[in-house]
Structure formats: structure tokens, C-alpha cells
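Nothing in this text is a laboratory measurement; each read-out follows from the coordinates by a stated rule. Just so it is clear, the structure is predicted and the values come from calculations on it, not from any experiment. Glycine also receives a Cβ, built like all others from the backbone with ideal geometry; neighbour counts cover every protein chain displayed.
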Amino acid sequence: MAVPIRCGLCLGRLIALEYSEKRGPNWLAFLFGDAMNKRMIAPIVFGIVGIAILVGLGNWQVRRLVWKEAILAEIEVKISGPAQPVPEAPTREEHMYLHVVATGEMGAGEVHVLSSSPATGPGYRIISPFTLESGRRILVDRGVVPEGQKRAERMPENGRLEGNLLWMQDPPTFPPDFSINIWFNRDTEALAEALGTEPVLLVMSHTRLSNGPHPVAVGVNIPNSHLGYAITWYGFALVWLGMTLYLLYRIKRKTI
């Protein structure tokens with residue numbers, strides 16, 4: 001029984017070596033070659049450790065992808081879910097993006113935040129105070145007006161407003177220029193102090209006024225590149241595997 005097996009192995013080695021000489025490097029010769037020598041131990045260990053690390057990083061990005069998709073799905077539910085009354089004590093952690101409805105009257109005064117939108121181009125966001133039926137005062141982001149309409153008189157939008165709660169996301173840039181009423185970011189705390197309201201900002205999703213500011217509905221602008229990162233790490237793992245096998249092949253053939 002042992003003789004046919006030995007003959008088969010010898011034949012396999014001869015075929016592999018013959019194929020290797022005619023066609024160039026192949027892994028049949030490597031598999032049917034002599035027993036592993038000591039020079040292979042370090043590359044094998046190095047290769048296994050490297051592949052394990054790279055695959056682990058890929059798995060970590062997959063877990064991050066699942067986590068990020070769950071967050072985005074939760075935000076989408078908040079944005080598009082049924083409108084709720086403005087909570088009594090809203091917080092960023094619990095009520096960010098919440099779809100709300102508010103009824104009341106728009107107060108005097110407004111803040112102009114440098115901004116732009118596809119519909120208007122460069123312009124200003126109009127932030128106004130809004131008094132709820134309960135007497136509470138909150139901030140309302142009415143939308144964007146073109147640069148030329150900064151000083152125009154605007155009709156207040158009273159009654160029922162609908163939109164989403166949003167806390168400051170814009171990165172801080174420059175302090176406001178109070179002399180010409182130009183702000184450079186939506187700092188909820190500072191806006192509330194300037195207009196005498198609670199630090200709660202309702203971003204309107206639509207308007208009933210034909211000539212009012214153009215509402216810019218709240219959207220999700222959170223990057224989610226974890227799938228690409230995972231593919232990259234897994235690709236590196238395959239490259240590492242190929243390089244390790246090629247190194248072992250060269251050690252086996254005593255060309256290195």
C-alpha cells in the first residue's frame with residue numbers, strides 16, 4: 001500500500017517540477033517539495049500574524065458599518081416619523097432630528113447666518129424667535145434668502161410650523177459681526193441669548209408663504225465609509241497572503 005503512495009508522490013513531484021520549468025513558478029512544486037526547512041518558520045509566523053491583524057481590522061470596520069447604519073436608520077426614523085409637539089425639556093442626545101410641530105406666533109427680530117442653498121445660491125439663513133401657545137420661546141430657522149434680500153422686510157409666519165429639532169452642527173469659524181447682523185454659524189446657545197429664547201432650534205421643512213425664506217429641510221450628513229475601509233483591509237490581507245506564499249516559494253527554491 002505504501003509503495004503506490006510513494007510512487008504517486010514522486011510522480012507528482014516530477015510533474016510539478018517539469019511544469020515549473022516549462023511554465024515558470026507554480027505552487028504544485030511547492031506543495032510536493034521537500035519538508036519545510038527552518039528558514040520558513042519566521043516568514044510563516046510573520047505571515048500569519050500580519051494576515052490576522054489585517055483581517056481583524058476588516059472585521060472591526062464591518063462592525064463599525066453595522067453600528068453606523070443603525071444610527072443612520074434611527075436618524076431617518078426621527079426625521080420622517082410622525083410630527084410630535086416640541087418636548088418640554090428637549091436635549092441634543094435624545095431629541096436631535098426629531099420631527100416636531102409647533103403652534104404660536106413669530107416674534108420681532110431676526111439673526112442672519114451666512115449660508116447658501118441650491119435654490120437661492122449664496123445668502124443668509126433667517127433665524128427668528130417663535131412663541132409657542134404655552135408661552136415658551138424657541139428659535140426657528142425659516143430658511144435661506146438670497147444676498148440681495150438680507151434687508152428686505154419679511155412677513156412673520158404664524159400659526160402651525162413643522163420641521164425638525166437641530167442643535168449646532170456647523171463648525172465654529174468667526175465670531176458674529178453684530179454691527180451688520182452677520183453670523184457665521186448656528187451656535188444654538190449664542191442665538192438663544194441674542195434673541196431671548198430657549199436654546200432649542202426648529203428648522204422648518206416647508207413654508208406657507210410664497211415670498212418668504214426658502215426652507216432647507218434637515219438632512220443626514222454623516223459620512224459612512226466603513227464598507228470601503230473593510231474591503232481595503234481585506235484586500236491588504238490577500239496581498240499579504242500572496243506575498244508570504246511567494247516568499248516561501250522562493251525560500252523553497254533557494255532563490256533567496
message: Restricting to region 54-92, count the residues that are within 20 Å of G219 (Cβ to Cβ) and not polar (S, T, N, Q).
response: 17
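Here's the yes/no breakdown for (1) of a type outside the set (S, T, Y); (2) surrounded by fewer than 16 Cβ atoms within 10 Å (Cβ to Cβ):
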| residue | (1), (2) |
| --- | --- |
| E153 | yes, yes |
| R160 | yes, yes |
| G163 | yes, no |
| D187 | yes, no |
| T197 | no, no |
| L201 | yes, no |
| L209 | yes, yes |
| F236 | yes, no |
| T244 | no, no |
- prompt: In region 129-143, what residues are acidic (D, E) and in a loop (DSSP other than H, G, I, E, B)?
  reply: E133
task: Please enumerate the residues belonging to region 142-166 that are touching a Pro at 6+ places or on another chain (Cβ under 8 Å) and not aliphatic (A, V, I, L, M).
output: R142, G143, P146, E147, R154, G163
Verdict on A152 being more than 28 Å from the chain's Cα centre (by Cα) and of a type in the set (A, V, I, L, M, F, W, C): yes
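Of everything in region 211-228, what is of a type in the set (A, V, I, L, M) and surrounded by fewer than 17 Cβ atoms within 10 Å (Cβ to Cβ)? Give them in sequence order.
Step one: filter region 211-228 for residues of a type in the set (A, V, I, L, M), giving 216-218, 220, 222, 227.
Selection gives A217, V220, I222, L227.
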- prompt: Out of the residues in region 72-86 that are in contact with a strand residue (DSSP E or B) (Cβ under 8 Å, 6 or more places away or on another chain) and in contact (Cβ under 8 Å) with a residue 60 or more places away in the chain, which is nearest to E147 (Cα to Cα)?
  reply: I79
- request: Output yes when any residue across region 144-151 is assigned to a strand (DSSP E or B) and on the phi > 0 side of the Ramachandran plot, and no when none is.
  value: no
- prompt: Looking only at region 88-107, which residues are touching a strand residue (DSSP E or B) at 6+ places or on another chain (Cβ under 8 Å), surrounded by fewer than 19 Cβ atoms within 10 Å (Cβ to Cβ) and over 15 Å from V203 (Cβ atoms)?
  reply: T103, E105, G107
message: Would you confirm whether or not region 204-211 contains a residue that is of a type in the set (A, V, I, L, M, F, W, C) and assigned to a helix (DSSP H, G or I)?
response: no
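Is there a residue in region 110-128 that is part of a loop (DSSP other than H, G, I, E, B) and of a type in the set (G, A, S)?
Yes, region 110-128 contains a residue that is part of a loop (DSSP other than H, G, I, E, B) and of a type in the set (G, A, S).
Report, by residue number, each residue of region 219-256 that is farther than 30 Å from V203 by Cβ, in a loop (DSSP other than H, G, I, E, B) and among the aliphatic types (A, V, I, L, M).
Within region 219-256, just I256 meets the criteria.
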- prompt: In region 166-173, is there at least one residue being in contact (Cβ under 8 Å) with a residue 60 or more places away in the chain, under 18 Å from V200 (Cα atoms) and crowded, with 19+ Cβ neighbours inside 10 Å?
  reply: yes
